[in-house]
Amino acid sequence: MSKRETRAETSRWRLRFSPRILREDLPAIGDAAFQIARKAITEKLATAPEQFGAPLRSPLVGMRKLRVSHVRIVYRVDVNRHEVHIFMIGARRDIWVQNQADIVERAEELRRELTGQVEAAQDAAPPAHGRKNR
């Protein structure tokens, strides 16, 4: 195996978290469960997000879940950006029944945030000027 192949396999994925995870999920699941989830995110999702977890069904099509102990992590893999979008971390017993609409809402919030960043970057980019021939 070449060095290039080794680097490609171990390249880290950029992790993007819903801002509501710290504000809402951490208090709900507690620090010990959050640390379990954090370890799984950094060891699994940051290195091979499509290898772990399982696809979700409607209304969460396109998202995946990672099961770690009694915790579930809901995320989406954006292959084009080489990013993992983490929407929710919750207790297994109630994440699906109580939070499906909330997960969809968080996904939309993160999408709007990412779209805004792209638009801001495009607005800030200097205009392309052609070279003048002398």
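The distance linking segment 43-62 with segment 75-95 is 7 Å (Cα centroid to Cα centroid, whole angstrom). Its residue count N fixes a reference of 2.2 N^0.38 Å for segment 7-63, and the Cα radius of gyration divided by that reference is 1.29.
Using 0.36 nm per residue and subtracting the Cα-Cα separation, the extra length available between R93 and R38 on full extension is 17.9 nm.
Annotation: peptides 24-34, 72-82, ranked by per-residue average of other Cβ atoms within 10 Å with the highest first, follow the order 72-82, 24-34.
Normalised per residue, the accessible area of segment 5-121 is 59 Å², obtained with a 1.4 Å probe and no contribution from ligands, DNA or RNA. Full extension of the chain segment joining R67 with V104 gains 11.4 nm, where the gain is 0.36 nm per residue of separation less the Cα-Cα distance. Spacing of the modelled spin labels on H82 and E113, each 7 Å from Cα toward Cβ, amounts to 2.1 nm. The heavy atoms of I36 offer some 60 square angstrom of accessible surface to a 1.4 angstrom probe.
The values are calculated or read from the model by the stated rules, or taken from the named source; none is laboratory data. Everything quoted here is computed from the prediction, not taken from an experiment. Here the Cβ is made from the backbone with ideal geometry for all residues, glycine too, and neighbour counts use every protein chain on show. Protein only, heavy atoms only, side chains kept; ligands, DNA and RNA dropped before computing areas. Shrake-Rupley method; radii C 1.70, N 1.55, O 1.52, S 1.80 Å.
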